[in-house]
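The values are calculated or read from the model by the stated rules, or taken from the named source; none is laboratory data. Quick caveat: nothing in here was measured; it's all calculated off a predicted structure. As a convention, Cβ positions derive from the backbone with ideal geometry for all residues, glycine included, and neighbour counts pool all protein chains shown. Note: areas computed on protein heavy atoms with side chains; ligands, DNA, RNA excluded. Shrake-Rupley method; radii C 1.70, N 1.55, O 1.52, S 1.80 Å.
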Amino acid sequence: MKLELSPSPDAWMTICEDSRLTPGRGVAALLPDGRQAALFKDRSGRAYAIENRDPFTGAQVLSRGLLGSAGGRPFVASPLLKQRFDLETGKCLDDEEVSVTVYPVRTV
Amino acid sequence: MSTTPTHTPTVVLVGHGMVGQRFLEALADRGVTERARVVVLCEEPRPAYDRVQLTSYFSGRTPDDLSMVEDGFMAKHGIELYVGDPAETIDREARTVTARSGQVFAYDTLVLATGSYPFVPPVPGKDARGCFVYRTIEDLLAIEEYAKTATTGAVVGGGLLGLEAAGALKGLGLRTHVVEFAPRLMPVQVDEGGGAALLRTIEQMGLSVHTGTGTQEVLTTDGAVTGMRLSDGSDLPVDMVVFSAGVRPRDQLARDCGLAVGERGGIAVDEQCRTSDPAVFAIGECALASDGRVYGLVAPGYEMAQTAAATIASAEEHSFTGADMSTKLKLLGVDVASFGDAHGTAEGCLDVVYSDSRSGVYKKLVVDRDGVLLGGVLVGDADSYGMLRPLTGSVPPVSPEQLVLPAGAGAPVALGPSSLPDDAVICSCHNVTKHAISQCTSLPEVKKCTKAGTGCGSCLKVIGQLLPAATDKGLCGCFSYTRSELYEITRTLRLTSFAELIDSHGRPEARGGDGCEVCKPTVGSILASLAPVIKASGYILDGEQASLQDTNDHFLANLQRNGSYSVVPRIPGGEITPEKLIVIGEVARDFGLYTKITGGQRIDLFGARVDQLPAIWTRLVDAGFESGHAYGKSLRTVKSCVGQTWCRYGVQDSVKMAIQLELRYRGLRSPHKLKSAVSGCARECAEAQSKDFGVIATASGWNLYVGGNGGATPRHADLLAQDLSDAELVRLIDRFLMFYIRTADRLERTSTWLERLEGGLEHLKDVVVHDSLGLCDELEALMAAHVDDYQDEWAQTLDDPDRLRRFVSFVNAPDAPDPSVKFVPERDQIKPDLTVLTIGTRLERV
Ligand SMILES: Cc1cc2nc3c(=O)[nH]c(=O)nc-3n(C[C@H](O)[C@H](O)[C@H](O)COP(=O)(O)OP(=O)(O)OC[C@H]3O[C@@H](n4cnc5c(N)ncnc54)[C@H](O)[C@@H]3O)c2cc1C
Ligand code: SF4
């Protein structure tokens, strides 16, 4: 099974074998336009993708944060300053003015 | 000014200091900012900041950290703030204020919150280069700059602020004198006995104190300070002088426009903080309150801010009739507190005094004939301040003697906050009662709803004690157990996975979920510490364990601000051969890494990309290095001095012992990092007493100290046992470490753990020296299993192609380096290129 990501509307690109993702952790992928995505898989096997850039520091590190869930919603905590980002909406849970881009993902 | 059909009332605030900001918040709370235009004239080049914590600038807090204005506050409430633009004149007839920039603002209500200025005695030379005052961030920046070229400094004034300034000068590396005119230090706050205890302690810290001495002249050469002439005729050679001889209200603006001021200064106000002109208010340090006093503390200023705001909003009848002058501060690490009638001025009152000059402790309580507590002075040990101040005005539940005796002498007193009446004021900065606090369930909630604990912080301890029943001690939103409880659960049930643990012992709502960034690494660490006994994998990145580790553990390196990593090979005891040094140099050169020697006697290599880590480790491992675990909550280094082998004073081989200890405990996962050191004699060159466990050689063996800490909250380690043989030493450390790992909370260093441990050091001795709980065999067995099981995590990773697969920047482009990890040159090495990162970054504050 392959994991695919949609970097722009109607376009899909293959990222890697689904098995490359450890549940609870992320990996980074390079997108065609030079941006970076962070992909995650939760315990149940669902995959998520958001942009890799931590908006608080500018570093491309969100893929290296820890995935967690609160109230049934998945989030990742930035490994630098620990702000949490909702993986489904991209919203920062610690600062409502901040959010990151969410990319659609699918396994085929 | 433009005329609008409906007149919008305008409030102009002059002075944006601590009290001014509090006033704005109070206006906003009462909705005044919605219906009125609010204009603020701020003289300083930055919005209001925490002046009380000013000195913390020298311990690393930036001006931004000190800001008191929440992000977006002004915009949210539509407040117009003019920074760096002071008010110059007031025309009360026309009701306008003119600012330095020439702007004219019409007001309906004018509020003066101009604070104070430092009083500088009119001695010759007071304006020379090298003379400073201590009031604003700009003052501190100037002092810091000048101190770079100075070696000796003097502070004129031995009061609260003077001693704070002296501490700052000393912290800047200056030999420091304090010159105080009064016969004792802190004459306003403490009595003679307290002053004497303070003097001894402060002198022991290396400050020279001259009490009962005036300053006659500042001596200068070419316009720069070279010394001071004292009232006894002697000359004191100094390079800089800081005046801290009290403050005076800034009332000039008010005087100029004919408002009533006090004989000794201060803008006269009534109980509603109105000046002699009902359209003008004055609050904070510039005001002369209706009780005839000018308050030089922030809490009364805050109360005035509330009063003025309430009056302006005409919402409620609020009045300010006077305030408590209690203070507690940690001066240069000495606790000093005074509260209530500290000097015992009430008629017929009695003193209860405890004084121990050896330890610099002095405590005095003032009570009346009926036993009502009126006030007191505490020097050297002010732990009980948080409890005693709220009891003022009532009869304490235990006798005053018991309240001043140190814990451990006679019957120790368990005076808990439960004995306080409901209306006792716990937070005097914000005037919050016990009742209000007990309505909340957590500290964040207390801070948010009542503001208690957000001022000077001296009430935090009591607040913590008031919350226990309500406080959820659980590790995080996923577990209601503490770390040590989870350790016990994992150990006894031999659970080997996080999923099992959260599904069986998580909070109901967290079961089946993914956990969070708090519990996952904590459980990861517990599994790693217990791996040999619960038969979990000893490699922290196997299977599910990989998903639990923080990024540092996950990549076996330390994440730095631009997404690159640093690499630290182990150099046990700080001993290294020339060949190995050369290898480190070559690796750094070949991979273009920045090198820095750490405080732990080893070498840190910065600037590696994720995909370079395996190649760097290969070179290091081939040369005989292994992981230094700088990334883990585990043993860092065991520092050593050269000891007996080379040093003429040494009495034992400290290097050999340090190496033995470092190799024994390397890789041991613990609640927080562990640091250690071994000194070859009592001169203590390795600074062992600032470590989690420190060893000092004696003529007949080793002394073991535990619970020390450096960093932000230094703590001297406690002596656990003396004159131990090599084997006894190792056995005792085994027990100590395992007992700590078993019982400590998440991220609790040994120092805080030991402070929290019920029964403290004595209890620890009972458990690990006298085996009072019969645990020692088990603790030793756990450590033996760790030692047997140890493997180098770098070598383990390099041996396995599967494990190496994660070390790529991009999963879909394994050969592409991360373009955002860039460097620029700095002092012949590299540093992160942050410009690559800032593009589009949200700016915190403009
Ligand atoms: C180092 C230090 C430590 C302290 N420690 C403590 C402590 O532990 N506990 C405690 O209770 N208090 C402490 N204080 C005192 C406390 O800081 C003051 O009580 C408090 O800041 C008073 O607030 P304020 O707003 O009245 O005055 P300030 O904070 O001084 O603010 C007044 C502001 O008005 C501005 N201003 C003046 N004139 C004009 C004008 N014409 N136009 C525009 N702006 C003007 C000034 O530049 C200043 O920014 C300490 C003070 C210092 C300096
Ligand atoms: S601690 Fe003692 S043995 Fe070690 S270097 Fe210092 S003086 Fe020498």
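Go through the range B:558-621 and name the trypsin sites (Lys or Arg not before Pro) that are in a DSSP coil and have 15 or fewer other Cβ atoms within 10 Å of their Cβ.
Within the range B:558-621, the qualifying trypsin sites (Lys or Arg not before Pro) (loop, at most 15 other Cβ atoms within 10 Å) are B:R561.
Anything over 22 Å Cα to Cα? Flag those among B:K448/B:K633; B:K520/B:K691; B:K76/B:K451; B:K535/B:K675, in the order listed. Result: B:K448/B:K633; B:K520/B:K691; B:K535/B:K675 exceed 22 Å. The accessible-area ordering, largest first, of the residues B:C685, B:C257 stands as B:C685, B:C257, per a 1.4 angstrom probe. With R₀ fixed at 45 Å, the C-beta to C-beta distance from B:R494 to B:T698 puts the FRET efficiency at about 0.60.
Tell me the mean residue ellipticity at 222 nm calculated for the protein assembly as shown from its helices only (DSSP H runs of n ≥ 4, each -39500 (n - 2.57), averaged over every residue, nearest 500).
Values: 28 runs with 250 residues, N = 954.
Per the formula, -7500 deg cm²/dmol.
The Cα center of the range B:485-556 and the Cα center of the range B:93-154 differ in position by 56 Å. Taking Rh as the Kirkwood radius, which is the inverse of the mean 1/r over Cα pairs, what is the Rg/Rh value for the range A:2-107? Here the Rg-to-Rh quotient is 0.93. Reducing the range B:684-713 and the range B:596-647 to their Cα centroids gives an inter-centroid distance of 22 Å. Rolling a 1.4 Å probe across all protein chains gives B:D553 an accessible area of roughly 20 Å². Ordered by solvent-accessible area of protein heavy atoms (1.4 Å probe), largest first, the residues B:Y362, B:Y649 come out as B:Y649, B:Y362. Against chain B, whose longest principal axis comes from its Cα atoms, helix B:726-743 is set at around 60 degrees.
Jot down the per residue volume, in cubic angstrom and as a whole number, of the convex hull over the alpha-carbon atoms of the protein assembly as shown. Show your work: numbers first, answer last.
Values: hull volume 200.6 nm³, N = 954.
That works out to 210 Å³ per residue.
With the Cα gyration tensor of the range B:526-660 giving a ≥ b ≥ c as the square roots of its eigenvalues, does the rule (a/c under 1.5 for rounded; else a/b larger than b/c for prolate; else oblate) give rounded, prolate or oblate? In terms of gyration-tensor shape, oblate. For B:K633, the accessible area of its heavy atoms, probed at 1.4 Å with every protein chain present, is near 80 square angstrom. Karplus-based coupling profile of the range A:72-89, in residue order and whole Hz: x, 9, x, 9, 10, 9, 4, x, 8, 10, 6, 5, 9, 10, 5, 6, 8, 10, with θ = phi - 60° in 6.51 cos²θ - 1.76 cosθ + 1.60 and x standing for Gly or Pro.
For B:A623, no residue 5 or more places off, or on another chain, has a built amide H under 5 Å of its own.
What's the FRET efficiency of A:D95 with B:F73 using the Cβ-Cβ distance as r and R₀ = 25 Å, to the nearest 0.05? The partial results should precede the final answer.
Numbers: r = 15 Å, r/R0 = 0.59.
E(calc), rounded to 0.05, equals 0.95.
The calculated pair-distance distribution of the range B:97-234 uses every alpha carbon pair, bins of 5 angstrom beginning at 0, and gives 2, 9, 16, 19, 18, 12, 7, 5, 5, 4, 2, 0 percent.
Ignoring solvent entirely, what values of log10 I(q)/I(0) come out of the Debye formula for chain B at 0.06 Å⁻¹ when each Cα is a single scatterer? Evaluating at q = 0.06 Å⁻¹ gives log10 I(q)/I(0) of -0.51.
Entry note, chain A: relative contact order of 24 percent, from Cα contacts under 8 Å with a spacing of 6+ residues.
Within the protein assembly as shown, what whole-number % of the accessible surface is contributed by carbon and sulfur, with the 1.4 Å probe and all protein chains included in the calculation?
On the way: 20540 of 40870 Å².
Answer for the protein assembly as shown is 50 percent, counting heavy atoms of protein chains only.
Looking at the range B:752-821, the accessible area is 50 square angstrom per residue; that uses a 1.4 Å probe and ignores ligands, DNA and RNA. With all protein chains in place and ligands, DNA and RNA left out, the 1.4 Å accessible area ranks B:M68, A:M1 as A:M1, B:M68, largest first.
Between B:D108 and B:E144, the modelled label-to-label distance comes to 4.3 nm, taking each label 7 Å out from Cα in the direction of the beta carbon. Taking all Cα pairs closer than 8 Å and separated by 6 or more residues, the relative contact order of chain B comes to 7 percent. Excluding ligands, DNA and RNA and using a 1.4 Å probe, chains A and B jointly bury around 3100 Å² of accessible surface, summed across both partners. Taking a straight line from the alpha carbon of B:K656, these aspartates and glutamates sit under 15 Å away, with near neighbours fewer than eight places off in the same chain left out: B:E575, B:D726. Rounded to the nearest 10 square angstrom, B:H210 shows an accessible area of 50 square angstrom against a 1.4 Å probe.
At a threshold of 40 Å², the residues of the range B:804-823 that become less accessible to a 1.4 Å probe in the full protein assembly than in their chain on its own are B:R805, B:F810, B:V811, B:N812. Tell me the label-point distance for the pair B:E780, B:K580, using the 7 Å Cα-to-Cβ offset, in nm and rounded to one decimal. Going from the B:E780 label point to the B:K580 one covers 3.0 nm. Counting every alpha-carbon pair across the range B:771-827, the share separated by more than 20 Å comes to 62%. Relative to the longest principal axis of the Cα atoms of chain B, the long axis of helix B:160-171 lies at roughly 40 degrees.
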